[in-house]
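Input: a single structure, listed below in structure tokens.
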Amino acid sequence: MRKFVFVFLFFIYSCHAKENNHVSAAEEKTLVAELKEGDIIFQTSLSTQSKAIQLATHSKWSHMGIVFKQSETWYVYEAGNVVKATKLNDWINHGKDGHYVVKRLIDTGKISVAGNVSAMKKCAEKFLGKKYDLYFEWSDDKIYCSELVWKIYD
């Protein structure tokens with residue numbers, strides 16, 4: 001059942017940064033207006049293993065994270081070399097051609113309650129600093145990007 005979590009997502013926002021692979025101020029403003037904490041963001045990574053991930057998953061996306069707001073700044077919690085919170089615009093600019101999509105669970109009512117988002121953030125924070133799991137094992141010792149998102153939602 002865990003493998004089907006992303007079947008229940010729907011499209012929220014997509015952008016392709018055109019100038020110097022950077023999101024324009026207008027595009028970022030539009031995105032931020034549409035975002036909700038707990039949204040899932042996807043991109044094609046520029047990492048050396050990106051192509052292998054795409055072939056294994058049959059997807060053009062090879063990296064993902066989950067967005068949360070701290071003060072007035074949006075961050076993507078991601079598992080790269082280590083699990084970290086990256087400013088949204090920086091995360092977008094690290095992807096291929098600055099292209100990304102944001103998706104949201106269809107039944108967001110269950111996560112939009114402040115207590116649930118708070119619990120999700122707390123869960124995300126416990127993974128900060130964990131190293132990336134190159135072997136894609138299901139443990140908390142090392143974490144890969146989709147595992148991070150699943151465990152935050154779970």
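The values are calculated or read from the model by the stated rules, or taken from the named source; none is laboratory data. Values in this document were obtained by computation on a predicted structure and should not be read as measured data. Note that we place each Cβ from the backbone using ideal geometry, even for glycine, and neighbour counts take in every protein chain shown. These accessible areas exclude ligands, DNA and RNA; they are computed on the full protein's heavy atoms, side chains included. Shrake-Rupley method; radii C 1.70, N 1.55, O 1.52, S 1.80 Å.
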Notebook entry, point to check: Once fully extended, how much extra length lies between Asn116 and Glu34, figured as 0.36 nm per residue of separation less the alpha-carbon to alpha-carbon distance?
Noted result: 27.6 nm
Margin query: Which residues among the stretch 84-99 fall inside the zone where the amide N is under 19 Å from a point 7 Å beyond the Cα of Gln70, along Cα→Cβ?
Written below: 84-94
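Quick one: net charge of Lys51's neighbours, Cβ under 15 Å, K/R +1, D/E -1?
Working: positive: Lys60, Lys96; negative: none.
For residues surrounding Lys51, the net value is +2.
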Checklist line | Solvent-accessible area of Asp140 with every protein chain in place, 1.4 Å probe, in Å² to the nearest 10 | finding: 70
Item checked: Karplus 3J(HN,Hα) series, Hz, for the stretch 82-91 with 6.51 cos²θ - 1.76 cosθ + 1.60 (x for Gly, Pro) -> 9, 6, 8, 9, 10, 4, 3, 5, 5, 4
Checklist line | Phi to ³J(HN,Hα) by Karplus 6.51 cos²θ - 1.76 cosθ + 1.60 over the stretch 43-53, Hz, x for Gly, Pro | finding: 7, 8, 6, 9, 5, 5, 9, 4, 4, 4, 5
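Tell me the net charge near Asp140. Cut-off is 11 Å between Cβ atoms, Asp140 excluded, with +1 for each Lys or Arg and -1 for each Asp or Glu. Walk me through the numbers before you get to the answer.
On the way: positive: Lys126, Lys130, Lys142, Lys151; negative: Asp133, Glu137, Asp141, Glu147.
Summing Lys and Arg as +1 and Asp and Glu as -1 gives 0.
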Notebook entry, point to check: If you plug each phi of the stretch 142-149 into the Karplus form 6.51 cos²θ - 1.76 cosθ + 1.60 with θ = phi - 60°, what whole-Hz ³J(HN,Hα) values come out, in order, with x for Gly and Pro?
Noted result: 9, 9, 10, 4, 6, 5, 4, 4
Notebook entry, point to check: For Asp39, what is the net charge nearby, where nearby means another residue's Cβ is under 11 Å from its Cβ and Lys, Arg count +1, Asp, Glu -1?
Noted result: +2
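Count neighbours as other Cβ atoms within 10 Å of each site's Cβ, and list the trypsin sites (Lys or Arg not before Pro) in the stretch 25-83 that are DSSP loop with at most 12 such neighbours. Walk me through the numbers before you get to the answer.
On the way: sites: Lys29, Lys36, Lys51, Lys60, Lys69; in loops: Lys36, Lys60.
Loop-located and lightly packed - Lys60.
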